[in-house]
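The values are calculated or read from the model by the stated rules, or taken from the named source; none is laboratory data. Model, not experiment: these values are computed from the prediction. Note that each Cβ is placed from the backbone with ideal geometry, even for glycine, and that neighbours are counted across all protein chains shown. SASA here: full protein model, heavy atoms, side chains in, ligands and nucleic acids out. Shrake-Rupley method; radii C 1.70, N 1.55, O 1.52, S 1.80 Å.
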Amino acid sequence: MKRSIGAKTLLYPHPVLIVCTYDTKGTPDAMTVAWGGICSSNPPSVAISVQKSRKTYENLMATQAFTVCIPSEKHVAEADYFGIESGKNTDKIAAAGLTAAKATQVNAPYIEEFPVVLECKVSQTVEIGVHTQFIGEIVDVRVDEAALGEDGNPAMEKVMPFIYDSACRTYHGVGPEIAKAFSAGRALKKE
């Protein structure tokens, strides 16, 4: 039997995404976003939700560009810091001891030490409660060569992304492969 616990932001898991933007002066900023994910295959797009009170919101509205960086487990402290410190008075990237690099396809920075970067241009915005959802068309994906698998795609065990549990406010690693997608369910399919 299931028990109701009320309306909550519980969708397991939440990806840990670092959104990087420039302000109008060209100063880089980074913010941790847990409300985000892929929202379209064609055009390839990602959606992130940001509160209007955040510096990242101001930057997104001004530049209409951002990157989504996927940090590895070894950068959990830095990723958490980007979510608890305001960029309004602090250069968070420098304070975390990381390197801001300029994206090649959009007017936004990314974090050099993070293995995967999605370069995005804002295609639309949607007002949802206390958040504005920014939908970004992914115009390029950059991956550290050391994080690529033999097939040329990012390898989960090399990227080592981590996830967020909003109920317990904890981070968790991603476990080993349990099955092949689009294959595991074939035994249940009726011909």
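When a/c is below 1.5 the answer is rounded, else prolate if a/b is larger than b/c, else oblate, so apply that to the range 69-110 with a ≥ b ≥ c taken from the square roots of the Cα gyration tensor eigenvalues.
Details: a/c = 2.08, a/b = 1.25, b/c = 1.66.
Since a/c reaches 1.5 but b/c is at least a/b, the shape of the range 69-110 is classed as oblate.
A straight chain from residue 104 to residue 61 at 0.36 nm per residue would run longer than the Cα-Cα distance by 13.5 nm. When both the range 128-176 and the range 1-66 are represented by their alpha-carbon centers, they are found 12 Å apart. Of the chymotrypsin sites (Phe, Trp or Tyr not before Pro) in the range 50-148, not one is in a loop by DSSP (not H, G, I, E or B) with at most 15 other beta carbons within 10 Å.
Need the list of lysines near residue 74 for cross-linking: C-alpha distance under 16 angstrom, and skip anything on the same chain fewer than eight residues off. Here the lysines satisfying the reach criterion relative to residue 74 are 158. Computed with the Debye formula from one identical point scatterer per Cα of the range 33-135, without solvent, the log10 of I(q)/I(0) at q = 0.16, 0.20 Å⁻¹ comes to -0.72, -1.17. Going through [x] 26, 20, 15; [y] 28, 21, 18; [z] 21, 20, 16, the figure that equals semi-axes √(5λ) of the Cα gyration tensor in Å as computed for the structure here is [y]. Over the residues of the chain, the helix contribution to mean residue ellipticity at 222 nm works out to -3500 deg cm²/dmol, using -39500 (n - 2.57) for each DSSP H run of at least 4.
For the range 103-153, what is the accessible area per residue in Å² when the probe is 1.4 Å?
52 Å²
A Förster radius of 25 Å, combined with the Cβ-Cβ distance separating residue 126 from residue 178, puts the computed FRET efficiency at roughly 0.15.
Once the piece of chain linking residue 169 and residue 186 is laid out straight, how much longer is it, given 0.36 nm per residue of separation minus the C-alpha distance between them?
Fully extending the segment from residue 169 to residue 186 adds 2.5 nm.
Rounded, prolate or oblate: which one fits the range 81-173, using the alpha carbon gyration tensor with axes a ≥ b ≥ c (rounded when a/c is under 1.5, else prolate when a/b beats b/c, else oblate)? Here the range 81-173 falls in the rounded category. Placing a pseudo-label 7 Å from each Cα along the Cα-to-Cβ vector at residue 141 and residue 8 gives an inter-label distance of 3.2 nm.
Label separation (residue 25 vs residue 153): 4.3 nm, computed from points 7 Å beyond Cα along the C-beta direction.
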